[in-house]
Amino acid sequence: MERYPEQTTATIESLRTSGWREAIATGDREGYSSMWQALSNAARTAVENGLLSEGKGLWLLADACSMMLNPSSPNEPFKPFMVMDGRRSCLPIDFQQDDVDLFATFVDEIDDPWLKARLADLVWLLIKPRDPKYALVAIDAYRQLPLDTETWIRGSRECWQRAISLTLMLRRGAGDRLKEIEAALVAAFDNSRNEHGYLALWLSDTLASHRLGHDHRQAIAIKLEGMAHAFDVDGDLHRAKDFFDAASRWFQRTGNIVKAAEMTACLAEVWVKEAVARLSSEQASNMVAASFYENAIQTYRNIPRSERNTHRADERIAELHKHLSEAGAKSLDEMGSITSPTIDITEIVKTAINAVKGKPTLDALAAFANIYRGARAEKIREFSEKMLREHPLQALFAATHMSRDGRVIAKRPGMGLGDANSEEYKATLWAEMVKHYGMELGLVVQGDIWPALEVLRLEHRLHAEDFIAIANRSPIIPPDRKVLMGRALFAGYDNDFVVALHILVPQIEHMVRWHLKAAGVKTTTLDKDGIENENGLSTLMEAPEAAQIFGEDLSFELKALFCDAFGPNLRNELAHGLLTDEECQSTYAIYAWWLGVKIVFNTFWNAARKAQNPSDES
């Protein structure tokens, strides 16, 4: 729908007379969402009344307020509030140079801190050459926003964090602003009370995440401790847990290991209280209680050896284990955990860093994409066979694999004493291969991928368009999915593995389906009602042609990583909404994203080399 005639111009005079202040005042609450709605309504009314210049000015202000602030990303701090059917709402790149110049002129006349901060931030981001003046204006406006619970929820959290980010970006050019921001956050923390809910915790987290509040560590820790005890007494166990946890972390920052351990013990006991409460509630659940007992045990284990006697940690762990076993016996079959000695990966990390460090962007990406060769299916098979031969007892009996919520999601038969060609042996061998593959991924992510990724982020500022361009030139990606794949890869680079995984996994499945179809493989199933349905990734990977197209190694990884219940099972876990935010950022998720980078970049790189050297057959 056309908002106003194409040739309509907005001027500083029309903005002044547009009634933007009155429009904002009609908002039902503070925050950019409310401002966007109010300004949009005012813009429509102005255009309907023939005030085209004023209407366009209001639409520009509404678009500026519509974007969501993403302070964790220095590359793209603004995101569209809506993306649907290939369309999206406004982004900074949608503003014309005349719009930016208008904002730059108008920003000094604005007395609303929300609007002033947003326009100044946009001008700082878009004006060429960049002028630090606008970043300073944005910082000062952001920090005018109240530090109270309601405003924090409505968006001031992101605004204050963006102010910190801009201050760190300007460094000395920001003057004493970082110290002033720190003082304001500390003062608001000091004035917060239990009736303010999570405000004190949010403020302390903001200070901690930006390494602020160093001189106030002791006071912050003590206050968090007091609030945690108060929540505990009031029966608000959720808040008590979070505040005890925060208090422990702040005491650790002071170097007070004794108090940190005390807070950890308090946190463990709140977990116990939750377990007892759940068992005695109207909707009693042994399964949930067992998870609470497990959390309590794990929390006690975090207490240093030097403080364990003080808090009877070992005795409490033993007691809680009895409760855990009792609850577990009523909800799940007993499950054990296997631990192994720690591994020193210092040299592996150094090698990974040096492989990427100091290289041009494309060379650094090439090194990163090949920081690990990838799983070698034959090697994993040989190792698994060796383990089954040397330790046959564990495979003689049938095994059941249960999900974290107690569902039986996979079973394998006992290996028995039959030959290696039996179906039982093959099933046991496959489960063993997937297990060892998962163990290998943990080492690869921590020793190779993550250290190299940190260097890549530090030395190279890449944008979504860069990854889209690479995907666009990668012959393995279907033509209509290159933008999606590029966005998935950028999301992981931008440390948003939740988004990366949710885009990447369906596109991996589509990529497999597309190539199988191109090879003449039937990828659908006709049901009894005559409905033809597309097969899922698990079924697709069972096709013999999959190994021919993608190779044995990649085929093994796609099956073990994405669609096997003995492994991470990322495709099915994601498709059914079973992945939590934390699990979307697990080593498996990070490796899945890196595998996507490897597939896309290497096919792009090889295609580019062949184009430059047509006679090169390698």
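Within the range 439-474, the set of residues being in contact with a Phe, Trp or Tyr (Cβ under 8 Å, 6 or more places away or on another chain) and not hydrophobic (A, V, I, L, M, F, W, C) comprises 448, 457, 463, 466, 473, 474. Quick one: would you say residue 296 is surrounded by 14 or more Cβ atoms within 10 Å (Cβ to Cβ), out of contact with any Leu (no Cβ under 6 Å at 6 or more places or on another chain) and assigned to a helix (DSSP H, G or I)? So residue 296 fails the test. Filtered by the rule that a residue be closer than 21 Å to residue 312 by Cβ and either among the aromatic types (Phe, Trp, Tyr) or surrounded by fewer than 21 Cβ atoms within 10 Å (Cβ to Cβ) (or both), the range 253-273 gives 256, 257, 258, 259, 262, 269, 271, 273.
Kindly establish whether residue 539 is within 17 Å of residue 573 (Cα to Cα), open to solvent by 40 Å² or more (accessible area, probe 1.4 Å), modelled with pLDDT under 95 and of a type outside the set (D, E, K, R). Give the derivation first.
Numbers: within 17 Å of residue 573 (Cα to Cα): yes; open to solvent by 40 Å² or more (accessible area, probe 1.4 Å): yes; modelled with pLDDT under 95: yes; of a type outside the set (D, E, K, R): yes.
The answer is yes for residue 539.
Being assigned to a helix (DSSP H, G or I) and more than 19 Å from residue 591 (Cβ to Cβ) is the filter here, so list the residues in the range 472-486 that pass it.
Of all residues in the range 472-486, those assigned to a helix (DSSP H, G or I) come to 472, 479-486.
The answer is 472, 479, 480, 481, 482, 483, 484, 486.
Yes or no, residue by residue, for (1) under 30 Å from residue 292 (Cα atoms); (2) part of a helix (DSSP H, G or I); (3) at pLDDT 85 or above:
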{"residue": "355", "(1), (2), (3)": "no, yes, yes"}
{"residue": "366", "(1), (2), (3)": "no, yes, yes"}
{"residue": "394", "(1), (2), (3)": "yes, yes, no"}
{"residue": "410", "(1), (2), (3)": "yes, no, no"}
{"residue": "430", "(1), (2), (3)": "no, yes, no"}
{"residue": "438", "(1), (2), (3)": "yes, yes, yes"}
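Among the candidates 565, 547, which residue alone is touching a strand residue (DSSP E or B) at 6+ places or on another chain (Cβ under 6 Å) and aliphatic (A, V, I, L, M)? Break it down into steps so the answer makes sense when it comes.
Details: 547 fails: touching a strand residue (DSSP E or B) at 6+ places or on another chain (Cβ under 6 Å).
That would be 565, the only listed residue that is touching a strand residue (DSSP E or B) at 6+ places or on another chain (Cβ under 6 Å) and aliphatic (A, V, I, L, M).
When the test is whether a residue is closer than 30 Å to residue 236 by Cα, under 28 Å from the mean Cα position of the chain (by Cα) and without any contact (Cβ under 8 Å) to a residue 40 or more places away in the chain, residue 199 does not pass it. Within the range 108-128, being surrounded by fewer than 21 Cβ atoms within 10 Å (Cβ to Cβ), touching an Asp or Glu at 6+ places or on another chain (Cβ under 9 Å) and part of a helix (DSSP H, G or I) holds for 113, 126.
Residues of the range 342-380 being of a type in the set (D, E, K, R) and either within 19 Å of residue 604 (Cβ to Cβ) or in contact with an Asp or Glu (Cβ under 9 Å, 6 or more places away or on another chain) (or both), which ones?
Pass one, the range 342-380, residues of a type in the set (D, E, K, R): 344, 347, 350, 357, 359, 363, 373, 376, 378-379.
Listed by number, the residues that qualify are 357, 359, 363, 373, 376, 378.
In the range 181-278, which helices (runs of 4 or more DSSP H) lie fully inside it and hold 2 or more residues that are among the β-branched types (Val, Ile, Thr)? If you could, list the steps in order and put the result at the bottom.
Working: elements: 199-209, 217-233, 237-254.
Per the criteria, 217-233.
For residue 530, indicate whether it is over 23 Å from the mean Cα position of the chain (by Cα) and not in a loop (DSSP other than H, G, I, E, B). It is false that residue 530 is over 23 Å from the mean Cα position of the chain (by Cα) and not in a loop (DSSP other than H, G, I, E, B). Scanning the range 555-574 for residues that are among the hydrophobic types (A, V, I, L, M, F, W, C) and under 21 Å from the mean Cα position of the chain (by Cα) yields a count of 4. For the range 152-188, filtering for residues that are surrounded by fewer than 19 Cβ atoms within 10 Å (Cβ to Cβ) and among the β-branched types (Val, Ile, Thr) leaves 1.
The values are calculated or read from the model by the stated rules, or taken from the named source; none is laboratory data. These numbers come from a predicted model, not from an experiment. Neighbour counts are summed over all protein chains in view; Cβ atoms, including those assigned to glycine, are modelled from backbone coordinates with ideal geometry. Calculation scope for accessible area: heavy atoms of the full protein, side chains included, ligands and nucleic acids excluded. Shrake-Rupley method; radii C 1.70, N 1.55, O 1.52, S 1.80 Å.
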